[in-house]
1. Over the range 58-131, one equal point on each Cα, no solvent: what is log10 I(q)/I(0) by the Debye formula at q = 0.18 Å⁻¹?
2. Can you give the log10 of the normalised intensity I(q)/I(0) at q = 0.23, 0.24, 0.25 Å⁻¹, computed with Debye over equal Cα scatterers of the range 18-114?
3. If we count other beta carbons within 10 Å of each Cβ, what is the order of 160, 102, fewest first?
4. Please grab the % of Cα pairs in the range 239-337 that end up more than 17 Å from each other.
5. Regarding the range 22-229, what whole-number volume in Å³ per residue does the convex hull of its Cα atoms give?
6. Please state, as a whole number in µm²/s, the translational diffusion coefficient that the Stokes-Einstein equation yields for the range 130-204 at 25 °C and 0.890 mPa s, with Rh defined as the Kirkwood radius across alpha carbon pairs.
7. Would you mind listing how long the chain runs along its three principal axes, going by Cα atoms, in whole Å with the largest first?
8. How do 1, 34 line up, fewest other C-beta atoms within 10 Å first?
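All of the numbers you see were taken from the coordinates with simple rules; none came from a lab. Just so you know, these numbers come straight off a predicted model, no measurement behind them. Backbone-built Cβ (ideal geometry, glycine too); neighbour counts: all protein chains shown.
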Amino acid sequence: MQKFIVTGGRRLRGELALQGCKNSALPIMAAALMCRGECVLTDCPKLTDVYSAARILGCLGCKCSFEGNTAVISAGTLSGTEIPEELMREMRSSIIFMGAMLGRAGECCVSVPGGCELGPRPIDMHLAAMRKMGAEIREDGGRLICRCPDGRPKGARITLPFPSVGATENVILCACLAEGETVLNNAAREPEICDLCSFLRKCGADIRGDGGSSIAISGKESLSGCEHRIMPDRIAGATYLSMTAAAGGEMILTNACIPEMEPFLSVLEQTGCSIYAGSGRIFLRSGARLRAVRDRIRTMPHPGFPTDAQAVLMAALAKADGTSVFEENIFDCRYRHTDALVKMGADIQVLGKVAVVKGVASLHGAKAEATDLRGGAALITAALAADGVSEITGISHIDRGYEKIEEAVTALGGRIVRR
Ligand code: EPU
């Protein structure tokens, strides 16, 4: 089991190019499964979740190869429609292969993605939407056997009870090759949805309205391939900016997606950091001590404050002057990092969906275990701001979403070693 040894107390300074976005690459890889021509994805991040998606593609008969940050996927002919349970369990977002397979082959056999990392993550909205599009879904010992009786899904009018990112992606994928038109209301508006749709449009899909809450899709007979550059990862960006804000110092983030990061940047600016953003670059300078954020930080669907940035910002605010209050509205169990932050000397009280963070004068190094991806990144953030040495275990969670995080932190002058 690998771990990170982080020596805190050093100001950060440097320049970093933002990696490609995990949450955009994964649905786009699922979409490539629907394309008869070759798909070339550039800026594809090298992450364990991306390799899990590649294994799923492989077991369905697609060719998938990587060279540096370019992935080449060929799904000319498929050899099967069944995804083994162990592959489904490697990655929770494997469920988006359901819509892609139903679109491409009219059938699939998947399983309920396992685990309980961020609280219950049901797939009821995914199943209801696929059923509305004509799929018959039978559950058999944790396996979901899905079939469109006419061999092809049908367009439908669907209104999601909540703008779920994954359910929106599943509907879009399935609808692109369905018969007729689909209208999806209360769709998620996350930037990654727009990136998926722009990829699909290049492949010949007819999608209108993405980025808004109503999306219309006219199904096509087939999709071609294309070359597509994966958008930059706004959450990785938020993470590295939070690290510099927490440890003190200054940095430039290049290849940044500025409008997409605005909901995060506008909150980070309230901590007293100077932020200048333009032409794909974000400059941040952290003052002597961060200020607490006065207004409650409420995680909300985009364009609200992103739930994925809650933990890293909380780590930065642990040493701020004053009290900050978080309200987590997306996931039931997304404060698991707080125990480790408290071990490092933070003063954090969690009451249901609310976390009250009273800024302390200093944090100290500690042994801590990462229990999820963003929570793990928060532990590194706090460790960089802490006096002394921290040992962070459970780092396979962190490798799911951050490409060579230790190299990125080292480029900023932070001291971190993987052992
Ligand atoms: N939900 C349901 N039923 C459903 C689907 C979702 O109740 O059928 C609930 C979930 O339990 C959750 C809420 O709706 O409480 C939001 O879930 P959503 O479906 O929007 O999230 P997701 O698609 O599972 C994606 C990202 C997450 C990110 C969320 C919210 C990917 C691969 N994952 O998850 O990213 O937090 O959207 O923005 O895109 C991460 O990168 O660390 C991560 C967890």
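1. -0.81
2. Results for the range 18-114 at q = 0.23, 0.24, 0.25 Å⁻¹ read -1.21, -1.31, -1.42.
3. 160, 102
4. Taking all Cα-Cα pairs of the range 239-337, the fraction more than 17 Å apart is 48 percent.
5. Convex hull of Cα atoms, per residue: 101 Å³.
6. 186
7. 65, 42, 41
8. In order of increasing Cβ crowding within 10 Å: 1, 34.
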